[in-house]
Amino acid sequence: MKLHEYQSKSVFAKYGVPIPKGRVAGIASEAKQIAEELGGRVVVKAQVLVGGRGKAGGIRLAKSPQEAEELTTHILAMNIKGMKVRKVLIDEAVTIVKEIYLGITNDRTRHCPVMMGSSEGGMEIEEVARKNPEKILKVAIDPLLGLRDYQARDLAVSMDLPKEYWKMFITIANGLWRAYQENDATLAEINPLVITADNRLLALDGKMVIDDNALYRHSDLSEARDQDEETPGEVEARKYGLSFIKLDGEIGCMVNGAGLAMATMDLIKFYGGSPANFLDIGGGAAAEKVASGLRIILSDPNVKAVLINIFGGITRGDEVARGILSAHQEAKSKVPMIVRLVGTNAEEGLRLLTNANFVMADTLVDAAQKAIAAAREGTK
Ligand code: GDP
Ligand code: MN
């Protein structure tokens, strides 16, 4: 789960990372009032979960509360990379002397978190990685020992940070590490971390991604989830504990188990089709959960055929069949349904489905080919 800039920065601040004074606003008059409180000169920042807001015009400097109000009206009407802006952050404006980058993520090749620093702050780190990879400095963090002061100092030295900022930098690096670790983040990033004209280090931008599998340990953060940034299908799927990812193909897939779901999608691709989604109903799903999965799939207008691939172990074929039938009848869908159902209670499940006019398949290959043929027929 991605956190908005204002959410990330408030987490960072709890760990001693200095951030500009500021508050979030949903309407222009509120922005004006915040700007007045902050002394007039402010930055108005669109809160959307995409990078490069600055370039897209979503970050503007206002010299007066009046201007902050006007810019807020303008920015709240914007769409940035397909995301509607619903909130703006009003931050005190600071004069920047230098922008640097500081971030932590998991390094899968080193098998541990890695802190990255770069003197090339302000632009996207992926761009620095492409153009000047030698400008990104990395230190591996032992998760048991945590970030050591000497490691942060090494980064400061390698980035040519003037000596008078080292102490502050080490405090910030440590704060960022603790924010990362204690919140089960997979990314914590300050870009830019700036040196201001009045000789402070400040986190001007903030980004955090929290591991979804650890959200149950962070109820305060999971409540902050921004449902506007997800497709309705994804919101619905979470409610029922289904793993669902929307894709842009035309064959809806309902499968039990992530590995089987991947294999199913691979086979659809192999035979020339394209999956409309990844959906794992998990093990032992009851009829209601199966039905909600199918409802989500059928609500996607791109879906021209549905492939149901169930290999029952703790999942029972009869439960799956009941779920499919109830969602299918309710949706009054004409979309062809291809079913491959084997394993626990498969006979009972297949018997329940006999009158439903579904296409039955014996093997996964058979099912994939039938689904592709049905989808082609449907798009003619
Ligand atoms: P991003 O484009 O989505 O990464 O948004 P950022 O929050 O990183 O802002 C982009 C750029 O706007 C920064 O790199 C700064 O150059 C500039 N910026 C942001 N806040 C301020 C500010 O308070 N004062 C000044 N002068 N520039 C700012
Ligand atoms: Mn940024």
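Values quoted throughout were computed directly from the atomic coordinates according to the rules given, and no laboratory measurement underlies them. Treat the numbers as computed from the prediction; the structure is a model and nothing was measured. Please note: Cβ atoms are built from the backbone with ideal geometry, for glycine as well, and neighbour counts cover all protein chains shown.
Only loop residues by DSSP count here, and only those with at most 10 other Cβ atoms within 10 Å; note down the trypsin sites (Lys or Arg not before Pro) in the stretch 63-151 that meet that. Sparse-neighbourhood loop trypsin sites (Lys or Arg not before Pro): ARG108.
Under the definition of Cα pairs under 8 Å and six or more residues apart, what whole-number percent is the relative contact order of the chain? Please report the intermediate quantities before stating the final value.
Working: 781 pairs, mean separation 47.6, N = 380.
Relative contact order here is 13 percent.
For the chain, the residue among GLY54, VAL88, ASN183 whose Cα projects farthest onto the positive side of the dipole built from Cβ charges is GLY54. Please report the net charge: other residues with Cβ closer than 12 Å to the Cβ of VAL303, K and R +1, D and E -1. Surrounding charge for VAL303 is +1. Beta bridges from DSSP with both residues in the chain: antiparallel share about 75 percent, rounded to the nearest 5. Rank MET123, MET262, MET168 by mean-square fluctuation in a GNM of the chain with C-alpha springs under 10 angstrom and give only the top-ranked residue. Taking springs between Cα atoms under 10 Å, the residue moving most is MET262. Sequentially through the stretch 261-269, phi angles give Karplus couplings (6.51, -1.76, 1.60; θ = phi - 60°) of 5, 5, 4, 5, 5, 4, 5, 4, 5 Hz, Gly and Pro residues having no value and appearing as x. Structure note, pairs LYS84/LYS269; LYS2/LYS246; LYS207/LYS289: Cα-Cα distances above 22 angstrom occur for LYS84/LYS269; LYS207/LYS289. Counting only DSSP beta bridges whose two residues both lie in the stretch 232-378, roughly 20 percent are antiparallel. Applying the Karplus parametrisation 6.51 cos²θ - 1.76 cosθ + 1.60 with θ = phi - 60° to the phi angles of the stretch 24-38, what ³J(HN,Hα) value in whole Hz is obtained for each residue in order, glycine and proline being reported as x? My calculation for the stretch 24-38 gives 8, 9, x, 9, 5, 5, 5, 4, 4, 5, 5, 4, 4, 4, 8 Hz in order.
Here LYS163 is the anchor, and the aspartates and glutamates within straight C-alpha reach of less than 15 Å, apart from those fewer than 8 places off in the same chain, are ASP149, ASP154. Electrostatic bookkeeping for PRO113 treats Lys and Arg as +1 and Asp and Glu as -1; over the other residues with beta carbon under 15 Å from its beta carbon, the sum is -1.
Couplings 3J(HN,Hα) of the stretch 88-95, computed from phi: 10, 9, 9, 10, 4, 7, 10, 8 Hz, in residue order, whole Hz [Karplus 6.51 cos²θ - 1.76 cosθ + 1.60, θ = phi - 60°; x for Gly and Pro]. Here each label is just a point 7 Å from Cα along the line to Cβ, and for GLU330 and SER274 those points are 3.0 nm apart. Magnitude of the charge dipole for the stretch 154-264, about its Cα centre and with charges confined to Cβ atoms of Lys, Arg (+1) and Asp, Glu (-1), is about 360 debye.
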